[in-house]
Amino acid sequence: MSDDHTHVQEFFSARAADWDRRFPDDGPAYAAAVAELGLREGDRVLDAGCGTGRALTPLRAAVGPTGVVVGADLTPAMLEAAVAAGRDRDGRLLLADVTALPLRSRSLDAVFGAGLISHLPEPAENLRELARVVRPGGVLALFHPIGRAALAARQGRQITPEDLRAEANLRPLLAGSGWHMTSYTDEAARFLALAVREL
């Protein structure tokens, strides 16, 4: 396992048990972001880096009982917290590295990634892996329940020009990874970038 993966596991393992209690008001933001994916009954969707599974319930509601919802995460403790919260009823939980997914190419209609991009060790390569498992025309949502400035303030830091989530950086990063950005929102209440898998 790479140092990046070890660091991610250590960071989230230490916070898994009380993660949902630390951010109790994020539910509506998750539901609103999922709604913007435009999922339909029967669609197949991955929550990449699902953590405690807060997106699984709105994803299940969007795709209905005939759809497929998979939540993949690298950290066992986060998946255990998802099970403890009962979110495993809304999707299949998979202990997996989203940088090397055990999924067939073009097998999904959409990927939802909450807080994901800052934890990808090789963002361009890793976004290509997400593109691999999504059909042409499928959708990617990169989401955070607060915007970049609010997140930086919470973490006691400043936004830098190198921030991957800045539109000027994210748009070409996605374009070089098989995605076409279709919308970008960065406001206090949320960050959401939507992209379509190129043909």
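The values are calculated or read from the model by the stated rules, or taken from the named source; none is laboratory data. Predicted model, so just to flag it, every value in this text is computed and none were measured. All Cβ positions, glycine included, derive from the backbone under ideal geometry; neighbour counts span all protein chains shown. We work out accessible area using only protein heavy atoms, side chains counted, and drop any ligands, DNA or RNA first. Shrake-Rupley method; radii C 1.70, N 1.55, O 1.52, S 1.80 Å.
If only one of 187, 198, 122 is open to solvent by 30 Å² or more (accessible area, probe 1.4 Å) and in contact (Cβ under 8 Å) with a residue 60 or more places away in the chain, which one is it? Walk me through how you get there before you give the answer.
Numbers: 187 fails: in contact (Cβ under 8 Å) with a residue 60 or more places away in the chain; 122 fails: in contact (Cβ under 8 Å) with a residue 60 or more places away in the chain.
Answer to the check: 198.
Inside the range 52-69, can you point out the residues that are open to solvent by 10 Å² or more (accessible area, probe 1.4 Å) and within 22 Å of residue 120 (Cα to Cα)?
54
Any idea which residue in the range 134-180 is least open to solvent (accessible area, probe 1.4 Å), counting only those that are in contact (Cβ under 8 Å) with a residue 12 or more places away in the chain, farther than 20 Å from residue 29 by Cα and of a type in the set (Lys, Arg)?
Across the range 134-180, the extreme among qualifying residues is 135.
Looking at (1) of a type in the set (Phe, Trp, Tyr); (2) touching a strand residue (DSSP E or B) at 6+ places or on another chain (Cβ under 6 Å); (3) free of Cβ contacts under 8 Å to residues at least 60 places away in the same chain, which is the one condition that is false for residue 112?
(3)
Would you confirm whether any residue within the range 97-105 is touching a residue at least 24 places away in the same chain (Cβ under 8 Å), closer than 24 Å to residue 20 by Cα and surrounded by 16 or more Cβ atoms within 10 Å (Cβ to Cβ)?
Of the residues in the range 97-105, the ones touching a residue at least 24 places away in the same chain (Cβ under 8 Å) are 97-101, 103-105.
Okay, now just the ones that are also closer than 24 Å to residue 20 by Cα, so 97-98.
If we keep only those that are surrounded by 16 or more Cβ atoms within 10 Å (Cβ to Cβ) as well, we get 97-98.
The answer is yes; a qualifying residue exists.
Tell me the residue from 8, 69 that is within 15 Å of the chain's Cα centre (by Cα), under 24 Å from residue 183 (Cβ atoms) and not in a loop (DSSP other than H, G, I, E, B), please.
Numbers: 8 fails: under 24 Å from residue 183 (Cβ atoms).
Testing whether each residue is within 15 Å of the chain's Cα centre (by Cα), under 24 Å from residue 183 (Cβ atoms) and not in a loop (DSSP other than H, G, I, E, B) leaves just 69.
Among the residues of the range 151-186, write down those that are within 26 Å of residue 23 (Cα to Cα) and either modelled with pLDDT of 95 or more or touching a strand residue (DSSP E or B) at 6+ places or on another chain (Cβ under 9 Å) (or both).
The first filter runs over the range 151-186 and keeps only residues within 26 Å of residue 23 (Cα to Cα), leaving 151-160, 163-167, 170, 183-186.
Correct list: 151, 165, 166, 167, 170, 183, 184, 185, 186.
From 140, 108, 151, which residue is within 21 Å of residue 33 (Cα to Cα) and either within 12 Å of the chain's Cα centre (by Cα) or not hydrophobic (A, V, I, L, M, F, W, C) (or both)?
Values: 108 fails: either within 12 Å of the chain's Cα centre (by Cα) or not hydrophobic (A, V, I, L, M, F, W, C) (or both); 151 fails: either within 12 Å of the chain's Cα centre (by Cα) or not hydrophobic (A, V, I, L, M, F, W, C) (or both).
Just a single option satisfies the conditions, and that option is 140.
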